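Working notes for the structure below.
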Amino acid sequence: MNRVVHPIEQESYRRLRARLDTSHFPPLTRAVVERVIHSAADLEYATDLVMDEGELVTAHAALHAGAPVVVDVEMVAAGITRRETVCRLRDAVAGPGLTRSAHAIRLAYEQVGPGALWVIGNAPTALEELLTLNADPALVIGLPVGFVGAVESKAALRESGLPAVSNVSEKGGSAVASAALNALLYHPVPDSEETS
Ligand SMILES: C/C1=C2N=C(/C=C3N=C(/C(C)=C4\N[C@@](C)([C@@H]5N=C1[C@](C)(CCC(=O)O)[C@H]5CC(=O)O)[C@@](C)(CC(=O)O)[C@@H]4CCC(=O)O)[C@@](C)(CC(=O)O)[C@@H]\3CCC(=O)O)C(C)(C)[C@@H]/2CCC(=O)O
């Protein structure tokens, strides 16, 4: 994908790299770490984020081959401007022991099936729900924020063994999760085999 980078974004990356050496990260990991930090102006993400380069390579290929992208809330969808996303929050209903966000994940899985990229930026219960499904994801970007359940849900994601981008702290949020997916969208595709 050819993308014209705005001069303000270029300057943001210049300042980021002046304050933090990211050159030791492998390419896709570096792309995700830098875009998350760029979006949050928070250098601590360099040591907070957890991901695996091999998993990112596979997910990047799936994304550019057209795998669906599912998000937990509209705020995450709003941050992903270069790709259609699936968000079922408007169709979802809360019930006893079930948030609307968690129900939206069930509905989305019924719609897209296995092989999707899942981007959870807000709701810990959405990530917990995803982990109960046999969703066989291409990648789970699990970066929900907050004091209640966020740390635990992200730890559960890491323990699940699913291909994932997560972080250890309470930090996260919709903008950060969108940024992580955008990093993979913007990163060049080897051999120009992009189909989406
Ligand atoms: C417990 C919830 C938390 N929400 C947080 C932070 C933000 N949420 C915003 C908004 C506008 C929305 N949050 C909902 C997802 C709503 N938030 C919840 C729930 C009650 C439960 C989710 C969970 O615990 O897993 C959830 C409602 C539900 O039944 O799922 C939202 C759907 C509420 C609504 O409007 O009905 C809505 C999402 C809208 C969308 O589609 O984009 C905030 C903007 C603050 C606000 O105005 O309420 C903010 C955004 C943060 C971000 O970066 O995404 C927390 C902090 C994540 C909190 C979870 C735990 C905690 O520590 O409090």
Quiz item: For the range 1-133, what is Rg from Cα atoms divided by 2.2 N^0.38 Å, rounded to two decimals?
Solution: 1.18
Quiz prompt | Cβ-based net charge around VAL50, under 15 Å, with every Lys or Arg adding one and every Asp or Glu removing one | solution = -4
Self-check item: Cβ-based net charge around VAL151, under 10 Å, with every Lys or Arg adding one and every Asp or Glu removing one
Solution: 0
Quiz item: Once you treat every alpha carbon in the range 51-124 as an equal point and sum by Debye, what is log10 I(q)/I(0) at q = 0.28 Å⁻¹?
Solution: -1.31
Quiz item: Rounded to the nearest 500 deg cm²/dmol, what is the calculated helix-only ellipticity per residue at 222 nm for the chain, with -39500 (n - 2.57) per DSSP H run of length n ≥ 4?
Solution: -14500 deg cm²/dmol
Quiz item: From the Cα gyration tensor of the range 83-153, with a ≥ b ≥ c the square roots of its eigenvalues, which class applies: rounded if a/c is under 1.5, or else prolate if a/b is larger than b/c, or else oblate?
Solution: oblate
Quiz item: How would you rank 116-124, 144-152, highest first, on the average number of other Cβ atoms within 10 Å across their residues?
Solution: 116-124, 144-152
Quiz item: So for the range 147-196, what percent of the C-alpha to C-alpha distances run longer than 13 Å?
Solution: 67
Exercise. Calculate the all-directions average of the projected area of the range 10-55's alpha-carbon convex hull, and give it in nm².
Key: 3.1
Quiz item: Packing-wise, with mean Cβ within 10 Å as the measure, how do 53-60, 65-72, 27-34, 2-9 rank, highest first?
Solution: 65-72, 27-34, 53-60, 2-9
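Read the figures in this text as sums done on the coordinates, not as results from a lab. Just so it is clear, the model here is predicted, and its values are computed rather than measured. Every residue, glycine among them, receives a Cβ derived from its backbone with ideal geometry; neighbour counts consider all protein chains shown.
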